[in-house]
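Trainee: Just passing along the structure, written as structure tokens.
The values are calculated or read from the model by the stated rules, or taken from the named source; none is laboratory data. None of these values were measured; they are calculated from a predicted model. We place every Cβ from the backbone using ideal geometry, glycine too, and count neighbours over all the protein chains shown. Calculation scope for accessible area: heavy atoms of the full protein, side chains included, ligands and nucleic acids excluded. Shrake-Rupley method; radii C 1.70, N 1.55, O 1.52, S 1.80 Å.
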Amino acid sequence: MADLVWPRQCGGCESTRSRWCARCAAIVRDALVAGPQRVQPDPCPPGFPPTWSSVSYDGPIAHALKAYKDGGRADLLGPLSQLLRTALAGALDAPPLRGHLVRGGAVLIVPAPSRPAAYRKRGRHPLLDLARAAAPELPIVDALRFGRGVRDQAGLDAWSRATNLRDAVGLRRSVAGAWVLLVDDVVTTGATLVESRRALLAGGAVGVSAATVAVTRRRASSEPFTPRATLA
Ligand SMILES: [Zn+2]
């Protein structure tokens, strides 16, 4: 992690000119101009909610998200929350959520669940902070939690992710009567969003949409699957 907390490194590309360089800022600016995209994993799991995202999960964006969440780079909140805000706008402006809002319905922003061990290790709640910065005008409830025994999803394939999470997401706050707009940093196989949606609907949410900063683009199928390092 030492390389991620080096004070003068760019959080996206590790150049030493600044903590967020002009080249990485341009990637964010281009994504904001392009606007939100409706995204879904391939294959798309049953129960995957309508989801919007801002940018591909690779290069400087992937590096910045890891550095923000696990490398102590809270200063990257600004550009990352701008990307999330764009994805949230996509979800809010399109059916089915827009119809719900037009009818006067309530919406709640809910961060995807984190593992309890991850909270303790980090001493902060990066996803909740990101959601607050992205949508300060909307109510945010940290309503979801992982049960015990859930492993880190990093490095697991689609089947293992789905099995790892099955019935593992629970509610700790009421969401009854509201449309929940789920927030996560990245959508990969969709397992976390599917299980979160299941728990939210079981808890009385009238609908679930989702917004993520980034979306994993599938590489060509001839390329071997390379798991990312599992976080301690
Ligand atoms: Zn950079």
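Trainee: Measuring with a 1.4 Å probe in the full set of protein chains, what accessible area per residue, in whole Å², belongs to the chain?
Mentor: Value for the chain: 48 Å² per residue.
Trainee: If pairing requires two Cys Cβ atoms under 4.7 Å apart, which cysteines of the chain are left without a partner?
Mentor: Cys13, Cys24, Cys44
Trainee: Return the single residue from Arg115, Arg103, Arg151 with maximal mean-square fluctuation; model: Gaussian network over the chain, springs between Cα atoms under 10 Å.
Mentor: Arg103
Trainee: Scaled to the compact-protein estimate 2.2 N^0.38 Å, what is the alpha-carbon radius of gyration of the chain, rounded to two decimal places? It would help to have the intermediate numbers written out before the result.
Mentor: On the way: Rg = 17.0 Å, N = 232, 2.2 N^0.38 = 17.4 Å.
Output field value: 0.98.
Trainee: Given labels modelled 7 Å from the Cα in the Cβ direction, how far is it in nm from Arg23 to Arg173?
Mentor: 4.0 nm
Trainee: Of the accessible area of the stretch 28-117, with the probe set at 1.4 angstrom, what percent is carbon plus sulfur?
Mentor: Carbon plus sulfur share of accessible area: 55 percent.
Trainee: Can you give the calculated 222 nm mean residue ellipticity of the chain, where each DSSP H run of n ≥ 4 adds -39,500 (n - 2.57) and the sum is split over every residue, rounded to the nearest 500 deg cm²/dmol?
Mentor: Only helices count here, giving -11000 deg cm²/dmol.
Trainee: Just to confirm a number: summing +1 for Lys and Arg and -1 for Asp and Glu over residues other than Ser18 whose beta-carbon lies under 14 angstrom from that of Ser18, what do you get?
Mentor: Its environment carries a net charge of +3.
Trainee: Taking 7 Å along the Cα-to-C-beta vector as the label spot, tell me the Thr163-Gln40 distance in nanometres, rounded to one decimal.
Mentor: Between Thr163 and Gln40, the simple spin-label model gives 2.6 nm.
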